[in-house]
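Okay, so here's the structure we're looking at.
The values are calculated or read from the model by the stated rules, or taken from the named source; none is laboratory data. The structure presented is a predicted model; accordingly, all values stated were derived computationally and were not measured. Here the Cβ is made from the backbone with ideal geometry for all residues, glycine too, and neighbour counts use every protein chain on show. The area values use the complete protein model at the heavy-atom level, side chains included, leaving out ligands, DNA and RNA. Shrake-Rupley method; radii C 1.70, N 1.55, O 1.52, S 1.80 Å.
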Amino acid sequence: MRGSLLSYTERAKHCPSALAAQFLRLMDEKQTNLALSADVTKSDELLALAEQLGPAICLLKTHIDIISDFTPQLTKRLMELAKQHRFLIFEDRKFADIGNTVKHQYEGGIYRIADWADIINAHSLPGPGIVKGLAEVGLTKHRALLLLAEMSSAGHLMNADYAANTLAIAESFPEFVIGFITQHALSTDPHWIYLTPGVQFNGSGDKLGQQYISPEHAILEKGNDVIIVGRGILAADDRVKAAKKYRDSGFNAYLQRCGGK
Ligand code: S5P
């Protein structure tokens, strides 16, 4: 599926979720569809990344449980930086349990994810109850959920039926589920947002099964909307310069898809 030919701003009009509409409009306004996968293990480094690269991104993706010196001060400061530089925060928690358990994991514990993450994600594997449980916490706080439909890793078990069933679950929760973590667009419905990890210019993968495609391939061939880049930027000598390259490449591919360039 080639993905929507409409602009993000046009698609925002079709969104049942106000946060999805805000996200789509933000990408056009800021001219970036780059999400930074900020996979670092120290608070200071995470904050420095948000400060340095915030102007170039639409979304900052965290794995809060890999931070070794976490304090609530970190997420408070992240929220300030998100406001200052206009990006959304996505905690890549990949919830995967029954509804009652994920409610606690989302709302409580040390991390209190629902208090600071605009967007979270979950596996659809347990069935609709997981979405229902997360929605009970997230909807009142105007948060949103992405479902994992297909992963970037070699040998994953998410076949075409799994992706189609994931879309069907999402369709039952249109105000809370705003899109998918996927390698390709799943529907022609313009309100779904497709975010793709496993993006890098050089390199086909890593030693642990990660597989990469280029930004152009992700956006133009596979119809995704947002490129998620981690080590392609984090391992570069100049992270700001690298982020600019991914941003330009991803956004130009989107403009090309809309016929604007
Ligand atoms: O299918 C997936 C889904 C995700 S969210 N494949 C992934 O790689 N991810 C995440 O994207 C992964 O957890 C990591 O944080 C990021 C990719 O990092 P990179 O360094 O390989 O770009």
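Summary table below
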| read-out | value |
| --- | --- |
| Restraint check, 207/244; 42/241; 13/207; 76/241; 83/132, Cα-Cα greater than 31 Å | 13/207 |
| Inter-probe distance in nm under a simple model that places probes 7 Å from Cα toward Cβ, at residue 14 and residue 110 | 4.3 nm |
| Distance (nanometres) between label positions extended 7 Å along Cα→Cβ at residue 84 and residue 164 | 4.9 nm |
| Value of relative contact order over region 3-257, rounded to a whole percent, pairs C-alpha under 8 Å and six or more apart | 20 percent |
| Whole-Hz couplings from phi, Karplus 6.51/-1.76/1.60, listed for region 20-35; x for Gly and Pro | 4, 5, 4, 4, 5, 5, 4, 5, 5, 5, 8, 6, 8, 10, 9, 10 |
| Shape box of region 1-146 [Cα atoms, principal axes, largest first, Å] | 40, 38, 27 |
| Those residues of region 193-210 whose amide nitrogen sits under 13 Å from the label point placed on residue 94, 7 Å along Cα→Cβ | 197-198, 208-210 |
| From phi via Karplus (6.51, -1.76, 1.60), per-residue ³J(HN,Hα) for region 244-259 in Hz, x at Gly/Pro | 5, 5, 5, 4, 4, 5, x, 6, 5, 4, 5, 4, 4, 5, 7, x |
| Pairs of alpha carbons in region 41-126 whose separation is greater than 18 Å (percent) | 41 percent |
| Apportionment of accessible area to carbon and sulfur, region 1-75, percent (1.4 Å) | 53 percent |
| Descending semi-axes in whole angstrom, ellipsoid equivalent of the chain, from the Cα gyration tensor | 24, 23, 18 |
| Förster-model FRET efficiency, 30 Å R0, residue 154 and residue 248, C-beta, rounded to 0.05 | 0.55 |
| Selection of trypsin sites (Lys or Arg not before Pro), region 168-234, meeting DSSP coil and at most 14 other Cβ within 10 Å | 207 |
